[in-house]
Structures are given as C-alpha cells and as structure tokens.
Amino acid sequence: MDWELIGSSIGPIVLGAIQGTIPLTAASFALGLTIAVLLALARISGVAVLSAVARAYISIIRGTPLLVQLFVIFYGMPQLGITLDPWPSAIIVLSMNVGGYAAEIIRAAILSIPRGQWEAAAMIGMPRGQALLRIVLPQAARVSVPPLSNTLISLVKDSSLCSLILVTELFRVAQRIAAPSGEFLLLYAIAGAIYWVICLVLAFGQDRLEGRLDRYAV
C-alpha cells in the first residue's frame, strides 16, 4: 500500500468532488426537476399534443443510454454547427436525463393525491391552477421525496461519465493522477470511496427530510 500516494491524492480528488461533481450534480438536478415538473404537467394536461410530446421525450430519454446522450451532444452536435464546451454539454444532458426519469415520478405523485382535494378546492372557488400550486403539488412533493432522492443519488454516480467528455470532476481527477503512477486500482478505489461518502450524506439527508415531512402526513 503506497501511503504516500494515498496522502497526496486524496486532497486533489476531494477538491475535484467539491469543484466538479457536487456543483455539476446540483445544477443538473435543479434544472432536471424543472423539466420534470413541466413534463409531468404536460402528461396530465389533457391536451393531446402536449401529452404526446412529453410521452415521446420521456420514451427517448429512458430508452437510450446516458453515455450515448453525452456523446451525441458533445461530439455529434458540432457536425450541425453547434459546439458546446464540456460543462454546458454535461449539464444539458444530465438535466434532460433527470427530467425524463423524474417526470414519471412526479406524475405518479400528482395522480396519487385523492380527487377530493381538487373537488374541495373547486368548492371554495379556487382556480385549478391555484389548487395545483397550493394544494396538490405540496402533497405530491412529500410523496415523491424518496424516489427523487434515489434519482439524485444515481445522478451523483452518473456524473462520473462526464469525464469522457473532458469534464474535470472527481473521477477525471483520479484518472489524471493514476495515469503516470500506474496505480489504477488504488486511485479508482479512493474515487469510489468518495462517491460512497457523498451518497451516504445524501441518504442521511433523505431520511431527515422524510422524517420532517412525515410530521405533516395525515
């Protein structure tokens, strides 16, 4: 065990997580949730065109590998005259991917809210849009916390694929250190351990959030 290499490598890899993996995950998840809400609302809108477009989008995202999506945007789009830097490419693709998966989670959560909630809002003269924002979506948010948290944890791990389009994040830093030293097993194990720690922190946060929301469960 090369303890000197371990000691000199942990700092840069952790910094790669702080400066790369975590911001990339946070930005992509936030944008992805926005896309997911819009897609979910389109699916349940009753407007045939919107529902069909949302359904097609979700089908394409869920039916193609994330790695292929990354390569299409970063390496394929320049052939159409659209060239994006690694970071914007990564955020766009990860956001689109999260949106495709989370849309069905949010749609299911909205549909799980009893119809009586809508009817009660209508009885007091509340418009449908206002009922959605003030009554249905808050309840749906509580229902969707566990599966969305799992999506976030998966996103942390999926962000490692962005190293293949030259994004400097946790795993790419580990690759750079491992290349000259030849200690691939050791450096990749360290990277894996840091991913694990990040996921443990997120899982702990999920448990705390679920506990808080359960206080308001009826």
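Only the coordinates and a few stated rules stand behind these numbers; no lab work does. Here the structure is a predicted model, which means the values were calculated and not measured. As a convention, Cβ positions derive from the backbone with ideal geometry for all residues, glycine included, and neighbour counts pool all protein chains shown.
A helix-only calculation puts the chain at -24500 deg cm²/dmol for mean residue ellipticity at 222 nm, using -39500 (n - 2.57) for each DSSP H run of at least four residues, averaged over all residues.
Could you state the angle between the C-alpha long axis of helix 170-181 and the longest principal axis of the C-alpha atoms of the chain, as a value from 0 to 90 degrees rounded to the nearest 10? Helix 170-181 sits at roughly 10 degrees to that axis. Converting phi to 3J(HN,Hα) with the Karplus coefficients 6.51, -1.76 and 1.60 and the offset θ = phi - 60°, segment 62-68 yields 6, x, 10, x, 4, 4, 5 Hz in sequence order, with x at every glycine or proline. Listed values for segment 154-168 are Karplus-derived 3J(HN,Hα) couplings in whole Hz (6.51 cos²θ - 1.76 cosθ + 1.60, θ = phi - 60°), namely 5, 5, 4, 6, 5, 4, 5, 5, 5, 4, 6, 10, 6, 7, 7, and x replaces Gly and Pro.
Simple point charges give the picture: +1 on the Cβ of Lys and Arg, -1 on the Cβ of Asp and Glu, and for the chain a dipole about the Cα centre of about 900 debye.
With the simple model of a label 7 Å out from the Cα in the direction of the Cβ, ILE18 to ARG62 spans 3.9 nm. Model label sites at SER8 and GLN130, defined 7 Å from Cα along the beta-carbon direction, differ in position by 6.6 nm. Ranking LEU185, LEU133, LEU148 by Cα position along the charge dipole of segment 3-214, where only Lys, Arg, Asp and Glu carry charges on their C-beta atoms, puts LEU133 farthest toward the positive end.
Dividing the Cα radius of gyration of the chain by 2.2 N^0.38 Å, with N the residue count, gives 1.22.
What residue among LEU202, LEU80, LEU164 shows peak mean-square fluctuation when the chain is described by a Gaussian network model with Cα springs under 10 Å? Highest fluctuation of the listed residues: LEU80. Per-residue Karplus couplings for segment 192-205, computed as 6.51 cos²θ - 1.76 cosθ + 1.60 with θ equal to phi - 60°, are listed in order as x, 5, 5, 4, 4, 4, 4, 5, 5, 4, 5, 5, 5, x Hz, Gly and Pro entered as x.
Comparing Cα centroids, segment 143-185 and segment 71-105 end up 16 angstrom apart.
Tell me, what is the FRET efficiency for MET77 and ALA122 to the nearest 0.05, using R0 = 35 angstrom and their Cβ-Cβ distance as r?
Numbers: r = 46 Å, r/R0 = 1.32.
The value I calculate is 0.15.
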